[in-house]
Each structure stands twice: as structure tokens, then as C-alpha cells.
Amino acid sequence: MKRFIVFLLAFFIALSFKARADHITGGEMFYSFAGKSGTDNKYNVTLKLYMLCNSGRRFNDPTTIAIFDKSTYQKIQEIPVPLAEQSTISLNNQNPCITNPPTVCYVIGFYQFSIVLPPNTDGYLIVGQVNFRIADINNFILGYSQVGATYTSEIPGNAILSNAPENNSAHFTGNDLVVICANNPFSYSFAAADADGDELRYSFCDAYQSGTSGPNAVPPPPPYDPVPYGQGFTGTSPLGNNITLNTQTGLITGIAPSAGIYVVTVCVQEIRHGNVIATQRKDLQINIAECTIASASLLPEYLLCRNSNSLTISNLSNSPLINSYNWQFSNSSGNIIFSSSNASPTVNFTDTGIYKVTLSINSGQSCTGTASSLIKVYPGQTTDFSIEGICVDKPTSFIDNSKTVYGVLQSWLWDFGDPNTTLDTSNKQNPSYTHSETGPKLIQLIVTTSTGCKDSVKKVVNIVDKPPITFNFRDTLICNGDSVQLKAIGSGIFTWSTSTGIINSNSPTLLVHPEKTTNYIVSLNDNGCINNDSLKVNVVNFVTLKPSNDTIICANDPASLTCITNGLSISWSPVTGIEDPFSLNTLARPDTTTTYNILSTIGHCSATAKVNIKVVPLPTVNAGVDTTICFQSVARLRGATNGNKFNWSPGSLVSDSNSLELAVHPPGSMYFVLSATDNKGCPKTARDSVFIRMLPEVKAFAGNDTSIILGQPLQLNASGGVRYQWSPALNLSSTSTNNPIATFYEPVDRVIYKVQVYDEAGCNDSSFIAISVFQSEPIIFVPNAFTPGNDGKNDILRPIAAGMAKIEYFRIYNRWGRLIFETTQNGRGWDGSINGSLQGTQSYVWEVKATDYKGQSYFQKGIVTLIR
């Protein structure tokens, strides 16, 4: 419980500082040697922290510094250090050729103090920390929004050099006021100066987390955990794969990743007389902005040295301020062989040689620029190497296997990946190097040819404390009387032995035929680096074999074939229907009852056995033929099976689930399933289904009642089905289509037609239409009065058209000439209200305009009285 309370306390303390501590964007620590104090050494130390301008935050004042023995991690001192001063640096004059330039401004806080330490063997580590970095860092694992930082500086011990403790640390001097635009070329200097004149060697390295919480918390002892780098990023690759760090100058160059905040830490080694005496660190959160720089930017050179003689080239700057491109490619004689105004031209070189490319942008405009580069076209170079000997403290030979088609291999630069020295390089073609530590080493070879081509290869070589031995197998099994070849694989001299003596001591391969189980021991000597290993040859006098039991399966089901055996190889037969006839455990799918034979062998010894798989067919089931029925009608199920038990589902819709033929009333289209079982040995249920398709309800429609005049053709339009039958046939052009034409030439008051409508299954419905026939010219009848009393009698004032093809409008005006109703639909009328308000008894003027069936225009007007 006490531990839990301490955890909660620490958690809430962390929360209390979270809101005001996530503003530190980087830092470094450095010192200078200030002379002797007796036999002790005095140092003046500076901790330098970076904070964004206008963050509304403050540096811790004081902060706590801790000093540890570099070897034992024992704490030596703990010092509260006040903030000495702070200053602001900013980039005020932005380049006008930068699109959307970011604000670059830092407040720098300085903590300065002096320490006195006695010289010791391994030296000291000075440590400072802050609780949290800036939030939302892009090269961290997603979700890690608050991570602290630890800053260190090393004071060397006298074990390396007697005067090493009298050291002045390297001090980073690079300019931090740099604009970096996402996906654009950039350079950022992490250069350092060293007052002692030590050689400086730069590298990317892990950024450290903080170890404790609170504004003045004491830094814990090392080692320190790296920050949680996200996918695609590491301490040695903090900005992705398109960035390089010059190990001699500390200059970072390349193509920036996408916009965001990235933690970048650079370590600089102080090297004196070939020995690394101390490593200093600078840790920054670099802000990469959504901006672009309008410039002509090319790589220093383009090498077509491997397989291709074609180059697609682009400006490294993708600024929207770039409006034009002028590419020119010339040969070694200065003659232009190709030019282009494309943003990314492709050039095919027909001959080898050195070419020059020149890019000019925005000619005659602002933000102009020109850049040139060389293109070396000598395809066919391959770079590769092999090694011999990988033991620690023993020479490893590196053999160059590189080739070139053009020119000759001219120079080699090897880097043997030893982090403890700068002397791990060579210019020889086939050098050797002795590693003093085990572990993976990244070996790099850069080969240059006489044509100026350059190619490189990197391989990881694992340096071990003894030479590795591998075998063609680890342990094996033979039958008495058989022989077997043992083969050891490795680099060096092999010596074989058994418990009974030495056998063919200098051969990596050995043919043996023991009469009993024997351990064979092999020793590998690689230039004095020795490893021992062994393998066992087990000897048996016969093959053991126990197969799985006979079994019964349903037709089309798989059967498991297994066996227990000490055999080295097995085979099942017949192979038909077996997934893997050479596996101990496999599946068989026989069509009929089958006996499978198994053969298990060890050399010349063998054993056989049998497994019988009986195949029982499922009962036959036929649910019948899919059928179609009318809406809400009865369907008949007619099934068949040879099973002794069966049933229909869904049972709730079936009156007798155990009858093969029955009537059902489905609620709609659906499947009915017939399931059956038998007692012949297959326990599975056989099923078949029948689909009952219920057609939608037939909804016949003959059309709306209407009026015509003598001689006027009337097109009828029935709907609702796929087949139609009209009656009576009098005056109809057809009785079997949905759209016959009715024409009346003799007087008749009113005719009613019936149409019978059928769907695809013959289901039907009927509908009626009444036609009034007037003995007049085309006319529109409008009553002279109506009584909108909502009693179903004369409630609506509507026009009744006879012989009209179209009503253009029917309008009603009040006595002041205001339009109160209008329609273009025949049969639609006025209900005697205006905007929902019922009108009283009074007279109104109406007018109607139409076109008759002959195309003649028709107009009429009149007066109607509304009666309440």
C-alpha cells in the first residue's frame, strides 16, 4: 500500500507540472578546465537550455545537477544551480523566396557553476534534466506526448591518457537559426569547437528521457533510457533515410521529412592520439515547417554506374514560386545533347562518359537560380565483399569482390564499424582488421573507379568470441548397418573425435557407420580462435510404427491419417485423395471405402501398417423445385428423401413437419429447408432447400375517369401488370394492350370499361374507368355556383374538359381582380378558401385557357357564386 501511495503522489506531482513544463526544445552541457586545486581538477560548467519564444513558460530556477562516477554510476555530488542569465535569438530577415516561412525564435537559458573533482580512472558524467519536452513530437511513438530530457557531459579519466582529466569539452557552435522546409533540401550545422585541438568525430545518437519528476528533481544515476522512437525512426536515423551527417564537420544535409517536430541528438567524440577520451551531446527538437524554398538545387553528382543509362532528374526544391525550368545537358566537349523545360525530364544517354547538367529557374523573374552538376555514365559497376574470420581479438580478412565494366577499380575506402576509435578505416583493396569487442558491426565499402564512378555496400558482420559451427543436421537416426555423412560448416581447421578416439581429424566431412548410438565431437580452429560442438548419431535395429485406428466418415468429409514412428521418412498409398502422402499427420478424402498403407523407413530398415477408412454416404434429400406463387396464396411443398427421419423448417409455418408433401402459407418470398438423417453410420444431417417466390400484389389501374367529345381519340393507359384484357371491346382499338385508343362516333352518354391486369404468374386484379361522351365541339364546363360545405356535394369548383388535350390554366379572381387560385391540371379545383381561411358567400370571376385535341386554342371566362 505504501508503494501505491508513493506512485499516486508521483503521478499527481507529474500532472501538476505537465501544464507548465512542456516547453523545452533542447539543450547541451559543456565545460572548460579551470586549473588545479591541489591535486584536484577544477571545471567551469555550463548547462544551456532552449525554449520557444512567447511560450508563456519559465526556466526552472534553480535546477539540480548531479555528478556520477562514469564507471560505477556512484553519485559524487548534487548541486542546486540558479539560472544565471537568459537571452533571445531570432531570425528576423526571412528570405522572400521562402513560401510560408516559419517563425524561428528561441529563448536560451544558461546555468553556470564550478566543480572540483579528483582525477580518477574512468572519469565523471555531469547530468541535468527537464521533466518534459515539447508535446506531439513526430519521430516518437504515437501517443507519447510528454517525454522528458536528460543532458550529459563527460569528463575523461586518466586510464586512457594521464592528462585526459585536464580536458576542455567540445562545445557546439553551429547556428540554430535555420529554416527547414518539409520535403525540401536543407543543411543544419552541429559543428563544435575544441580548445584542446582534439580531433572531433560526429554521429547521430539516442536522445535520453528524464528519470524523475518535479522541477528540481535530482537526476537518477545512468544508464538512461532512449526516447520512444516511432516506426521508421531511430537515434541514428532521427529524420529518416534521406538525411546524412558528415562525421568530420557535423553538418546535416539531405531532404527534410514531412512537417512536424523531430528530436535530433548529435554526439561528438573527442579523439586524442587515436583514443576516444570523451563524448559530448547536443539534443534539439527541430521544427520542420510547411514551407518551400524557391531555388535551383541539385545533388553534387549523379552516378549511372550500376545498371541503367537513363536518368529522370528533378529540382530538389518543390516551391510553388518556381514558374519555369530550363534544363541543359552537355557532353564532355561542351555540346548540348538535350534540353527541356519540363519539371522532371528523362534523359537517355547513348554513350558512356561524363556529362554536365545545368538547371535555371524563373528566368527573367524573381527568385531566380542556377545550379550545375555532373552525370557520370558508366553502367555495370557492382560492389561486394566477403570475409574470412570473425573472432574477437583475431584479424578478420575482408576480400573485395567488386567489378566494373568500364575503367578499373581504383580506390577503396573501408569502414569497419568500430565505435571506439577513428583508426577503423583502410584504403587497401583486401585489408584485415581486428575487432576488440563482440557484437554486430556495420561494415561499409566504398569503391571508386578510374572513370570517377563510385558505389558502396554495407553489411552487418557479427563478431563472436568463437568461430561458429553449423552442421548439415544436428542429430540424426540410422538403422544398424547403414552409414551417414556428417558435415561441419565453418571457416578454419576441423578436428573430429568420438568417445573412442580420433577419426579423420582434418576433414569437415565424415562418413560413419556406428553400430550403436555415438556422439561425434568436432573442434574448429580459426587462426587460434577455437570452438567445440557435437552431434549425435542414434542407431536403432528396427523401425517402430503405430498407425491411427480405422474410422468411419461421411461422404466428402476428411479423415485424419496419423502414425507414431521413429522412421525418417514415411509414405501413404494410394495417394489419391491424400493432401500430403509423405507427412506423419495428413488428411484423406476418399470417395469410397479405402484401405491406406503406410511405409516408414530408416535407411534399409522399414515397417508397414494399414488404416481402413469406411465412407458412408449422407441420405439423399430433394426439397423440390423452386416455384412462384401469387400474393398471399398457398404453396405446395413436395420433397423426397431416403432418410428415416426428416423435417421441414421453419417449423412454425409448416402444419406437419414430418410430411414430405404439404401446403404452406408463406408470409413472403422465402426458403423452406428439408433436413434428413439415417441410421446407416453417418451422423450428419443432409439438407436441401426450395425457394418459394411470392409475387407482389397485383394493383390494377385503368386510369382516372374522364370526358371526351364525339370523334375525339382517347388513349387509355392501364398499369400494374405484364398482360391486360379490356372489356367491352366496343370502340377500342385493341382489348389486349395496356394502352388501347377509344373513339366514339355515335352519341352515348357514359361508357364504363373494365381492365383485367395479370402478372407473370397469371395472378390478376381488375380496375374500371368511366368515360363521358359529349355531342359538342371541344368545351370546358364550369358550374355557375358551388357550395363548399364539406358534405361531399358540390364542394369543389373545378373545370370539366371535353375534347381538350391540355389545360394551360384555370384561374379564379375576387371582385377586386386579385388572383386567388390557379391550376393547370384538369379535374383540380378550388375549395373556397384563401390561405386556409374560408370565404363567405360572394361572386368570383373565372377564366380558363386550353388546347383541344386538334391543337386549336380555347379560351372562356365566366362568373361563379360561392354559397355558404
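The values are calculated or read from the model by the stated rules, or taken from the named source; none is laboratory data. All figures in this text were calculated on a predicted structure; none of them were measured in a lab. Every residue, glycine among them, receives a Cβ derived from its backbone with ideal geometry; neighbour counts consider all protein chains shown.
Just the residues that are buried (at least 17 other Cβ atoms within 10 Å of the Cβ), touching a Leu at 6+ places or on another chain (Cβ under 8 Å) and outside any loop (DSSP other than H, G, I, E, B), please, taken from region 334-368. Of everything in region 334-368, those that are buried (at least 17 other Cβ atoms within 10 Å of the Cβ), touching a Leu at 6+ places or on another chain (Cβ under 8 Å) and outside any loop (DSSP other than H, G, I, E, B) turn out to be VAL347, TYR355, VAL357, LEU359. In the set ILE390, ILE375, only one residue is closer than 28 Å to THR247 by Cα and either in the same structural domain as CYS305 (by TED's automatic domain parsing) or in contact with a Leu (Cβ under 7 Å, 6 or more places away or on another chain) (or both); that residue is ILE375. Considering (1) modelled with pLDDT of 90 or more; (2) over 20 Å from THR601 (Cβ atoms); (3) not in a strand (DSSP E or B), the lone condition that ALA488 does not fulfil carries the number (3).
For every residue, the table says whether it meets (1) touching a residue at least 60 places away in the same chain (Cβ under 8 Å); (2) crowded, with 19+ Cβ neighbours inside 10 Å; (3) outside the structural domain of LYS684 (by TED's automatic domain parsing); (4) more than 15 Å from THR593 (Cα to Cα).
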| residue | (1), (2), (3), (4) |
| --- | --- |
| HIS513 | no, no, yes, yes |
| ASP526 | yes, yes, yes, yes |
| PRO558 | no, no, yes, no |
| ILE570 | no, yes, yes, yes |
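Cβ separations smaller than 9 Å between residues 6+ apart or across chains give the following pairs from region 91-103 residues that are over 11 Å from PRO320 (Cα atoms) to residues that are among the hydroxyl-bearing types (Ser, Thr, Tyr) and loosely packed, with under 13 Cβ neighbours inside 10 Å: PRO96/SER366; THR103/SER90. For region 505-543, a tally of residues being assigned to a loop (DSSP other than H, G, I, E, B) and either more than 15 Å from ILE489 (Cβ to Cβ) or of a type in the set (Phe, Trp, Tyr) (or both) returns 12.
Residue-by-condition table, conditions (1) exposed (fewer than 15 other Cβ atoms within 10 Å of the Cβ); (2) touching a Cys at 6+ places or on another chain (Cβ under 7 Å); (3) within 27 Å of GLN74 (Cα to Cα); (4) in the same structural domain as TYR151 (by TED's automatic domain parsing):
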position	(1), (2), (3), (4)
PHE204	no, no, no, yes
GLN209	no, no, yes, yes
ALA217	no, no, yes, yes
PRO220	no, no, yes, yes
PRO223	yes, no, yes, yes
GLN231	yes, no, no, yes
LEU239	no, no, no, yes
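Of everything in region 293-326, what is surrounded by 13 or more Cβ atoms within 10 Å (Cβ to Cβ) and either more than 37 Å from the chain's Cα centre (by Cα) or of a type in the set (Val, Ile, Thr) (or both)? Give them in sequence order. Within region 293-326, ILE293, ILE313, ILE322, ASN326 meet the criteria. Inspection of region 177-194 finds no residue satisfying the criterion of being more than 17 Å from GLY26 (Cα to Cα), touching a Lys or Arg at 6+ places or on another chain (Cβ under 9 Å) and surrounded by fewer than 19 Cβ atoms within 10 Å (Cβ to Cβ).
On the stretch given as region 779-811, residues that are in contact with a strand residue (DSSP E or B) (Cβ under 9 Å, 6 or more places away or on another chain), assigned to a loop (DSSP other than H, G, I, E, B), in contact (Cβ under 8 Å) with a residue 40 or more places away in the chain and under 25 Å from SER837 (Cα atoms) total 6.
Looking across ILE463, ILE478, one residue alone is at pLDDT 90 or above and under 38 Å from the mean Cα position of the chain (by Cα). It is ILE463. Residues that are more than 40 Å from the chain's Cα centre (by Cα) and either over 27 Å from ILE478 (Cβ atoms) or in a loop (DSSP other than H, G, I, E, B) (or both) within region 569-580 comprise PRO574, VAL575, THR576, GLY577, listed in sequence order.
Scanning region 181-202 for residues that are small (Gly, Ala, Ser) and part of a strand (DSSP E or B) turns up SER187, SER189, ALA192, ALA193.
In the set THR244, THR253, THR265, only one residue is assigned to a strand (DSSP E or B) and either free of Cβ contacts under 8 Å to residues at least 24 places away in the same chain or not assigned by TED's automatic domain parsing to the domain that holds GLU154 (or both); that residue is THR244. Out of all the residues in region 829-866, which are out of contact with any Gly (no Cβ under 8 Å at 6 or more places or on another chain), surrounded by 14 or more Cβ atoms within 10 Å (Cβ to Cβ) and part of a loop (DSSP other than H, G, I, E, B)? Within region 829-866, GLY829, ASP831, GLY832 qualify. Can you list the strands (runs of 3 or more DSSP E) found entirely within region 39-83 that contain at least 1 residues being small (Gly, Ala, Ser)? Filter on region 39-83 gives 63-69.
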